[in-house]
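Structure, as C-alpha cells:
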Amino acid sequence: MDWASLFTYEPDTGRLLWAVKRPGGRSKAIGEEAGSVCGDKRYRSVFTLGKRHYVHRVIWEMVNGPVPQGMCIDHIDGNGLNNRIENLRVTTLSGNQRNRRVSRNNRTGVSGVFHAKNGFAVTCGGQYVGYFQNLDAAVAARKSAEPQHGYHPNNGRRANARDS
C-alpha cells in the first residue's frame with residue numbers, strides 16, 4: 001500500500017498526518033492528525049480505504065515497507081500511543097508477548113513469580129524455574145532466566161498511570 005499518498009509522518013513526534021483532504025462530511029484537513037484513539041485507549045487507528053488500520057502499522061510500512069507475513073509491530077516501551085519509529089519493532093506474536101507489563105492481577109509484582117506454600121514458585125517461558133523461600137531470590141531467578149527464553153528487557157515493567 002502506498003501510504004505516502006494519503007499520509008505524512010512526523011518522526012520526532014510519532015504523529016501520522018493527513019496529506020490529502022478526505023471526502024465526506026467528517027473530513028479532516030491536510031496536516032491534521034489522522035485517526036483516533038481506539039476504544040481500549042491503548043492504540044490509535046485510522047479508517048481509510050474501507051477498513052480500519054492501526055496507525056503504528058501504517059507508520060512502520062511507510063518507513064520500512066510491508067510487515068512480513070505472520071509478524072506484528074511491538075511498542076518497545078509498552079506505550080501503544082508512542083508511535084515514534086525508534087519505539088517500534090517488528091517481531092513475532094510470541095516476541096510481542098515477551099514485552100508485556102506485569103499483569104494488574106499479579107500479587108507479587110513480578111511476572112512469572114507466584115505465591116506458593118511457604119514460598120514462591122517461578123516460571124519462565126512456560127517452564128518451571130524453581131521454588132524459593134523468599135521473594136528476592138525468586139525475582140533474581142526469574143530475571144536471570146528471561147534472556148534465555150527471549151524476553152525483552154522491558155518485560156514485566158510496572159503499569160504507569162496512563163495504563164491504569
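The values are calculated or read from the model by the stated rules, or taken from the named source; none is laboratory data. Since we're looking at a predicted model, the values are computed, not measured. Cβ: placed from backbone, ideal geometry, glycine included. Neighbour counts: every protein chain shown. Surface accessibility is based on the protein's heavy atoms, side chains included, excluding ligands, DNA and RNA. Shrake-Rupley method; radii C 1.70, N 1.55, O 1.52, S 1.80 Å.
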Practice prompt. Scan segment 135-155 for residues that are open to solvent by 60 Å² or more (accessible area, probe 1.4 Å) and in a loop (DSSP other than H, G, I, E, B) and report the count.
Written response: 1
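Take His75 and tell me if it is within 29 Å of Gln148 (Cβ to Cβ), touching a Lys or Arg at 6+ places or on another chain (Cβ under 7 Å) and either at pLDDT 95 or above or not aliphatic (A, V, I, L, M) (or both). Working first, answer last.
Working: within 29 Å of Gln148 (Cβ to Cβ): yes; touching a Lys or Arg at 6+ places or on another chain (Cβ under 7 Å): no; either at pLDDT 95 or above or not aliphatic (A, V, I, L, M) (or both): yes.
Criteria not met by His75.
Please find, among Gly70, Gly109, Gly78, the residue that is surrounded by 19 or more Cβ atoms within 10 Å (Cβ to Cβ), in a loop (DSSP other than H, G, I, E, B) and out of contact with any Gly (no Cβ under 6 Å at 6 or more places or on another chain). Lay out the reasoning, then the answer.
Working: Gly70 fails: surrounded by 19 or more Cβ atoms within 10 Å (Cβ to Cβ); Gly109 fails: surrounded by 19 or more Cβ atoms within 10 Å (Cβ to Cβ).
Gly78 is the lone residue from the list that is surrounded by 19 or more Cβ atoms within 10 Å (Cβ to Cβ), in a loop (DSSP other than H, G, I, E, B) and out of contact with any Gly (no Cβ under 6 Å at 6 or more places or on another chain).
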Item to complete: May I ask you to verify whether Thr8 is at pLDDT below 90 and of a type in the set (Val, Ile, Thr)?
Response: no
Discussion item. Restricting to segment 1-18, give me the number of residues that are without any contact (Cβ under 8 Å) to a residue 60 or more places away in the chain and either farther than 23 Å from Gly80 by Cα or open to solvent by 70 Å² or more (accessible area, probe 1.4 Å) (or both).
Written reply: 2
Practice prompt. Take segment 4-55 and flag every residue that is out of contact with any Phe, Trp or Tyr (no Cβ under 9 Å at 6 or more places or on another chain) and acidic (Asp, Glu).
Written response: Glu10, Asp12, Asp40
Item to complete: Quick one: in segment 33-51, of everything that is among the hydrophobic types (A, V, I, L, M, F, W, C), in contact with a strand residue (DSSP E or B) (Cβ under 6 Å, 6 or more places away or on another chain) and in a strand (DSSP E or B), which residue is surrounded by the fewest Cβ atoms within 10 Å (Cβ to Cβ)?
Response: Val37
